[in-house]
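Chemist: Quick one: structure below, then a few questions.
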Amino acid sequence: MTVKVFISSNQNEFFEERKLIKKELESDSMFKNYVDVFVFEENEARSLSPQENFIEGLYNSDVYIGLIGSSYGDIKDNGLSSTEYEYEIFSRLKNKQNIYFFIKDSNEREDKALDFIERIKSDTSFKIFHNTVELIEEIKRSLKAHINQSLSNQEFDFQLLAESSCDDVSKEALDLLFDSIDYQPILDLLGNRDMESILEILSLGKKDLSGTFRLNNAGALFLAENIEKFNIEHEVKLVRFKGNTKLEMIDKCYTTSPFFILLKEFEHFYWKNIKVGSVINGLRRVNIPEYPFNAIREAMINALAHRDYSFKGSFIQFYIYDDRIEIISPGNLLYPLKVSNLKNIEVPVHRNKNICNLFSKTIFMEHVGSGIQRMCDEMRKSGLREPEFINGEGFFKVIFWGPNGKLIYPEEAVDNNVLDLTKVGLNDRQIRALSRIVNEKVKYSYERYSNEFDVSKSTSKRDLNDLAKKGLVIENKSNRRNYYFVE
């Protein structure tokens, strides 16, 4: 953030002070990264007239600093001094709260200067100073308050955390972030830079006015060891319920971990609590989960990236029921988004631009604004209905309806759900037997295997034990006989 400051005064009376103010602000370690000072005599543009030059300076400035002394200044054709005219223009263009007057203590003052001071008193705030040192101290104090207020008014994920530092960063979270980045220009920039430089490149923090590096809210959410320390509304409740209601919980995990650690916890919880079937297709075993994981993970990332973090006491809910999965996040869709146009919006709308921008540079998000369509496509390819979206009162809900206990073969088998049986050292007999075990629910004993494949009992025992050791079937002893099957 750069604050552009316009210095206005009677140039003859405050010639040295104007130059000194600019020099002090632009060399001060607290202000040099935030302040750009405009003084007319050092910004004379040859292509512009003097009037065009100062008007452009006013138009581009964020803060007006006016100095008033004993003299009112030369009166222009409009009947005003340059200082009062510049004040009038800035008042029309900008917020009056961004105007700061500093009046030099004096027993002798021109009548027009006194009139101008009376006008200022009724319009805006001012401070009295007695010497140049006091003037510069007062200007710095006012600008510091202005900049801090501006920083606090920034979007949530850009706001700096006053009590944070690089010491708050989790090494595991940082390693996971680096492993996840899939954007070469950023990887090229990182190189062997120090921690502060890396985090600033990633827009996860910067130095404050005191020159101390601080994480911003996005930095804490991605990287902080203890996010709760900063009072950020960040909790995800993962729950597996029995049946289709909330009456009984089977499993739960409540987490406030930084994003990429949280996504690992989420993935573990997901695979632990959903059903996975399988079929043998030729020489491949295809595992078929109830829901396509990529679609569910996309919805979870959307919840983390787009939720409203201003809702006190709120959290993201990830609930698994027998017939569905629900993901509920605090906050409603932003205008002009509606449930009816979610798949067709051409320009992405973000509540948390910084968080979304970094996610878009990782392996977890292909294209900003395409997540809803990808969820729908993944569900359709898995033979399931498209997700249901609900924009409720203060929340946004996504419902993924399951297959109701059916095993639905997907249109496209995802690579990590496919096992090439020839690469795990199975012979032809084992592949044919496994196909019947999985697809036809056949249970093999040593005797049945020997008879069906015309092999000795020792060979059948060796083949079936090998399938069990490789985790492809379950071995169960019943009435002194071994049976091999899948659930």
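Chemist: Select from region 365-394 the residues that are buried (at least 17 other Cβ atoms within 10 Å of the Cβ), in a loop (DSSP other than H, G, I, E, B) and either β-branched (Val, Ile, Thr) or within 12 Å of the chain's Cα centre (by Cα) (or both) and list them in ascending order.
Modeler: Of everything in region 365-394, just one residue is buried (at least 17 other Cβ atoms within 10 Å of the Cβ), in a loop (DSSP other than H, G, I, E, B) and either β-branched (Val, Ile, Thr) or within 12 Å of the chain's Cα centre (by Cα) (or both), namely Met365.
Chemist: Now for a separate question. Would you check which residues across region 234-249 are of a type in the set (D, E, K, R) and without any contact (Cβ under 8 Å) to a residue 24 or more places away in the chain and list them?
Modeler: Selection gives Glu248 alone.
Chemist: A further question on this structure: Among the numbered criteria (1) modelled with pLDDT under 90; (2) within 30 Å of Phe241 (Cα to Cα); (3) among the basic types (Lys, Arg); (4) outside any loop (DSSP other than H, G, I, E, B), which one does Lys397 miss?
Modeler: Of the numbered conditions (1) modelled with pLDDT under 90; (2) within 30 Å of Phe241 (Cα to Cα); (3) among the basic types (Lys, Arg); (4) outside any loop (DSSP other than H, G, I, E, B), the odd one out for Lys397 is (1).
Chemist: Hey, does region 51-62 have a residue that's on the phi > 0 side of the Ramachandran plot and either in a helix (DSSP H, G or I) or modelled with pLDDT of 90 or more (or both)?
Modeler: The answer is no; no qualifying residue exists.
Chemist: Please work out which one of (1) part of a loop (DSSP other than H, G, I, E, B); (2) closer than 30 Å to Ile68 by Cβ is the condition Ser164 fails and give its number.
Modeler: (2)
Let's see how each residue does on (1) surrounded by fewer than 13 Cβ atoms within 10 Å (Cβ to Cβ); (2) part of a helix (DSSP H, G or I); (3) out of contact with any Lys or Arg (no Cβ under 6 Å at 6 or more places or on another chain); (4) acidic (Asp, Glu):
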residue	(1), (2), (3), (4)
Val133	yes, yes, yes, no
Leu143	no, yes, yes, no
His146	no, yes, yes, no
Leu176	no, yes, yes, no
Leu187	yes, yes, yes, no
Asn192	yes, no, yes, no
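Chemist: Do we have any residue at all in region 270-290 that's outside the structural domain of Ser435 (by TED's automatic domain parsing), under 30 Å from Tyr34 (Cβ atoms) and touching a residue at least 60 places away in the same chain (Cβ under 8 Å)?
Modeler: No, the conditions are met nowhere in region 270-290.
The values are calculated or read from the model by the stated rules, or taken from the named source; none is laboratory data. Note that this is a predicted model, so its numbers are computed, not measured. For neighbour counting, all protein chains shown are included, and Cβ atoms are generated from backbone atoms with ideal geometry for every residue, glycine included.
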